[in-house]
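All of the numbers you see were taken from the coordinates with simple rules; none came from a lab. Bear in mind the structure is a predicted one, so any value in this text is a computation, not a measurement. Cβ: placed from backbone, ideal geometry, glycine included. Neighbour counts: every protein chain shown.
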Protein chains: 2
Amino acid sequence: MEKILRVNSRTGSWKIEVCDGEIGRLGGRALIAHVLLNEVVPTCDPLGRKNKLIVACGLLGDTPVTTAGRFSLGGKSPLTMGVKEANVGGAAGKALARLGFRAVIVEDAPRSYSPRVLYINRSGVELFEVRDLLRASVSDTCGYLRARFGDQIGILCIGPAGEMGMCAAGIATTDHTGVQIRYAARGGLGALMGSKGIKAMVFDPKDAPNPVFYDSVALNRANKELVRLLMEDPKTENRHNFGTPAVLSLCNELGILPTRNFRSGSFEGALKICGETIAMLIDKRGGDARKGTPCVKGCVIRCSNVFADAAGKEIVASIQYENIALLGSNLGIGDIDKVAELNRLCNEIGLDAIETGAAIGVAMEAGILDFGDAEAAKELLHEVRKGTPLGRIIGNGAAVTGRVFNVRRVPVIKGQGIPAYDPRSLKGIGVTYATSPMGADHTAGNALETASTVDPRSSANQPEVSRRLQLRAAILDSLGVCLFIRPAFVKKPELIAELLNARYGWNWTYKDVRNFAVECLQKEKTFNERAGIIEPADVPEFMREEPLPPYNTVFDVSPDELKRTWVADPPEDVF
Amino acid sequence: MEKILRVNSRTGSWKIEVCDGEIGRLGGRALIAHVLLNEVVPTCDPLGRKNKLIVACGLLGDTPVTTAGRFSLGGKSPLTMGVKEANVGGAAGKALARLGFRAVIVEDAPRSYSPRVLYINRSGVELFEVRDLLRASVSDTCGYLRARFGDQIGILCIGPAGEMGMCAAGIATTDHTGVQIRYAARGGLGALMGSKGIKAMVFDPKDAPNPVFYDSVALNRANKELVRLLMEDPKTENRHNFGTPAVLSLCNELGILPTRNFRSGSFEGALKICGETIAMLIDKRGGDARKGTPCVKGCVIRCSNVFADAAGKEIVASIQYENIALLGSNLGIGDIDKVAELNRLCNEIGLDAIETGAAIGVAMEAGILDFGDAEAAKELLHEVRKGTPLGRIIGNGAAVTGRVFNVRRVPVIKGQGIPAYDPRSLKGIGVTYATSPMGADHTAGNALETASTVDPRSSANQPEVSRRLQLRAAILDSLGVCLFIRPAFVKKPELIAELLNARYGWNWTYKDVRNFAVECLQKEKTFNERAGIIEPADVPEFMREEPLPPYNTVFDVSPDELKRTWVADPPEDVF
């Protein structure tokens, strides 16, 4: 039986609960929704004593199932003021699961901030201060922790941005090699972790007993089938070769690539920052550069990369599509080395690169710096690191930046910056942004995958498209597997129940899985409504009025259509 | 029949409508609630094209009834994101009413800001740019307009803060002598006016026909009775002699005087900033200094003053209790000359002194400047005027300041700074802050007047106290009379219907007046709910946890009690 660890961040006391009953059937995102709805006052100050930081392994988190090991972080978001779950790969999820914990719930808040490490191993829990880590960069923090505790540990940590309570701060982690810096980026969860006075969590799985599965043979069989289906899907090879940047050219063609604060959906410099160029440069530059590496051990897709400069020295790992779009085309910057450098700075300071790119775009709109001026953007990130007034504005995200600088063209929904898919020419994702409890979050239901079958520029049927994608995302985010596993489940959705039944000895059917997703979303929506979040939200006013080149589209899914997204019964078949 | 003027701030076109039917029975605050609910998308960007700036005369606005002439400004608040009405005295309300307008509704928004003047006289309307007024101070703006259009005009204008869209910006006006600067201060309406590209409105009543009343004799008789009742109330003389600063000593004794960002309810320097000291200094210093002057012609209370320095040179007119508290004790500043200077700067820059004082208090809490450092506070106001990043943070109010600087002790409710009455030791006003659609606004139902009859530190019966006060406020704010008229209506509430019937030939009873107030509040609450505002809100978390010296009270009216404020049927007798 797995466990739940509760840590009081004010007193330092902790206790372990058995993870059974209703919560025993939940993992990842669904577990977070459950804890938030049942334990957190929806109207609370998200950075105050009443919010909780929840770390939750997916239901398959301790299995060797491919891509499993991603895990979820959540709480009431200081950015959206509603429910937030952000998940991430790396080594930490597997380490925590290996220790037998389904979840860690950090409660209360210390009187003032000091950099503390929450260390968890098989013997117990320690919470101690490490003064040297005050305002340390993410890679320095990971380096210190790996040197002190060995390289088998899993790490979660925040950078200076999270320590200073900035709402664009994410929670960073690294992979088992210590090379990748990956983020549970969105929703300002880094600030939430900072508010608990926790600079880092270390999960040390040394000598932890092996997990026991109900039916290992069936689990392996299902995993093998999953891998087979994945490997025969052409998207898998594409992702392996080009990583997420593969979609940049497609987004540019579709006219949804954020360009100069969402003034255009295509960028004249797209060729210089696209996936093919990046892959070519990685091959050419050598040295640290590489592609096709995994973020979690056992992933067969392996879409990560290390991007290096002309001398072969690492700039950032991984460089990903959304970050390139928000820090590149969205800022009018068409130089991939400069974009990578901005991405690296975000990673080190502890910032969500999407939110930060959106905020800098708004600052450019306000005339604080010029579009295309990468040096000025870099300088702005140094301001964030130093915590100057200007830096704190940017570090609090696009909505605050827009409010402070009196900007009307602010690409946010529910307070959160819109990611790298302009909803005016990909209307299904606009429905997701508006109706997902997560706000503007592409991982909550990305309609890009339907763009070849449902006209992305037509408003017809988009609520149905989005609803289905949102339900899928809720399932995957609760299993602890990667969204890129979808093609296999689309072909054989009954595999999900097979995997769960093999792991736990349940008797779930595909219908149970579907109902599980519906319940998860319902809990999230209920929490949001009690928190005063309008459901559904709408896209920013300018996106309904200002035609987006090159297709001159506006977002025209009506508010009534948006409302209908969740009024109708969800489909039986969500994959 | 009165008229409503609609001005399109994008095209400059305007039209005049007859003010009849349902809207013909509304004035001031009630008219604003009606227009917002019926015409404005509740979820709109408050500084975008869909919000409206509403200027509304009270129902008695064109009469010689004492204190009448106050008028209301409103719209969706960029600070609270909900309904907002702020009213103010001065000469402009009477001038607008004299022109026969019940209301001016400014719609749409220009593409970009330029300083324009909306000039209204009996012949029509003009909207024109005056480049010289760009970023002009409030007194320079009033001076320019009085020089250009004569000294019989009424003026509404914004300072640089409103031009820059800062959400602590108010709308300023002056009296018929041009000496007083008075504010429709709260809710960021100055930013709303700025968003319409209107630096100033000028109401020129020259040659306007006299208003026609249904029964002038009855109106005069009712007014005479009103004056008699007012003059026999001891509060009237006290207000005349000491103005609003009269209550500072009382608030200090009650332990509700905001001190050092609401850390205490009493201030060791209270004696140096209280009403008695101010009155003594005014008498002693002479020169420009004076007290007992009116803000609207015909007021028999005349509670305004001109506060001058030791040389008799005016610093600020008027100096008022709430501003002294927020810019004085709340900042740990016990020097009335320095407080007056801060107040003057707020007035000139176009800032709500309450919101600004609350924001500076939060900045002091964050360590940006020290409590008690008046020079640093002054410097901060210069930053606001210049529009630096730091200045823009402060100029956007206490909530934004708290978010940017990661402060938990942020005295705001519904995004608006708490005024000069700490709710922990005056619990009735805490109920008002939480349950009024206006958020933390002392004019929405100030329980100070009940402090001698209902234990202010007990949570018992406070919802009933607040509800009654809120209904009264809604009536007075819709008539266009001053809150200080209350003692007369408490003694003889039927006077209200008498006044309205004499003015309009209606057949209202006291019950109709009461229902009018209930409807007004209901409309406001409905708008807020549609805008996603939690009703009721709650006080900030620290006010439920941190005991307030000297009585060590916390705010303990339960959320359920707060909810009950508006669930039960309002009383028949609201005065």
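Only bridges with both residues in segment B:10-127 count here: give the DSSP antiparallel percent, nearest 5. That works out to approximately 95 percent antiparallel. Each of B:THR259, A:THR453, B:THR244, A:THR526 has some number of other Cβ atoms within 10 Å of its Cβ, and from fewest to most they run A:THR453, A:THR526, B:THR244, B:THR259.
Kindly work out what percent of the DSSP beta bridges joining two residues of the protein assembly as shown are antiparallel, to the nearest 5.
Roughly 80 percent of the beta bridges in the protein assembly as shown run antiparallel, per DSSP.
Across the copies of the chain, B:ARG530 has label points (7 Å from Cα along Cα→Cβ) spaced 2.7 nm apart, shortest distance listed first. With equal scatterers on the alpha carbons only and no solvent term, can you work out the Debye log10 of I(q)/I(0) for segment B:468-573 at 0.11 1/Å? Those come out to -0.49, one per q.
The relative contact order of chain B comes to 16 percent, based on Cα pairs under 8 Å that sit 6 or more residues apart. Between copies, B:ASP455 shows label-point distances of 7.1 nm, shortest first, with the point placed 7 angstrom from Cα along Cα to C-beta.
Placing unit charges on C-beta atoms (Lys and Arg positive, Asp and Glu negative, everything else neutral), compute the dipole magnitude of the protein assembly as shown about its Cα centre in debye, rounded to 20. It would help to have the intermediate numbers written out before the result.
Details: 140 positive and 134 negative charges, 16 e Å.
For the protein assembly as shown, the charge dipole is close to 80 debye.
Nearest-to-axis residue in chain A, judged by Cβ distance to the rotation axis that brings A onto B and given in whole Å, is A:PRO389, 2. The orientation-averaged projected area of the convex hull spanned by the Cα atoms of segment A:3-203 comes to 9.7 nm². Shortest first, A:ASN220 label-point distances to identical copies amount to 10.6 nm, with the label point at 7 Å from Cα along Cα→Cβ. Summing Cβ point charges (Lys, Arg +1; Asp, Glu -1) relative to the Cα centre of segment A:3-203 gives a dipole of roughly 100 debye. Counting only Cα atoms, segment B:133-179 measures 30, 18, 13 Å along its principal axes, largest extent leading.
Distances longer than 29 Å among the Cα atoms of chain A: what percent of all pairs is that? Here the long-distance tail beyond 29 Å is 48 percent of all Cα pairs in chain A.
For A:LYS378, the lysines whose Cα falls under 22 Å of its own Cα, not counting residues fewer than eight places away in the same chain, are A:LYS272, A:LYS313, A:LYS338, A:LYS386.
Each Cα pair under 8 Å and six or more residues apart adds its sequence gap; the mean of these over the residue count of segment B:59-158 is a relative contact order of 21 percent. For the pair B:SER452 and B:GLU494 in one chain, pulling the backbone fully straight at 0.36 nm per residue adds 12.6 nm over the alpha carbon distance. When every Cα-Cα distance of the protein assembly as shown is counted in 10 angstrom steps from zero, the calculated P(r) takes the values 2, 10, 19, 22, 19, 13, 9, 4, 1, 0 percent. Direction-averaged projected area, Cα convex hull, segment B:1-63: 4.7 nm², rounded to one decimal.
Computed from the Cβ-Cβ distance with R0 of 35 Å, the FRET efficiency linking A:ASP309 to A:MET231 stands at 0.60. Extents of segment A:139-211, taken as max minus min of Cα coordinates on every principal axis and listed largest first, are 37, 25, 19 Å.
Cross-link partners for A:LYS511 among the lysines, with Cα-Cα distance under 20 Å and sequence neighbours closer than 8 places in the same chain left out: A:LYS491, A:LYS492, A:LYS523.
The Stokes-Einstein estimate for segment B:230-362, based on a Kirkwood radius over Cα pairs and taken at 4 °C with 1.567 mPa s viscosity, is a diffusion coefficient of 88 µm²/s. Averaging the sequence gap over all C-alpha pairs within less than 8 Å and six or more residues apart, then dividing by the number of residues, gives segment B:3-203 a relative contact order of 23 percent.
Beta bridges assigned by DSSP with both partners in segment B:3-203 are antiparallel in approximately 75 percent of cases.
Across segment B:202-305, the convex hull enclosing all Cα atoms gives 187 Å³ per residue.
In plain terms, the residue of B:LYS15, A:LYS76, A:LYS378 with the fewest other Cβ atoms within 10 Å comes first and the most crowded comes last, giving B:LYS15, A:LYS378, A:LYS76.
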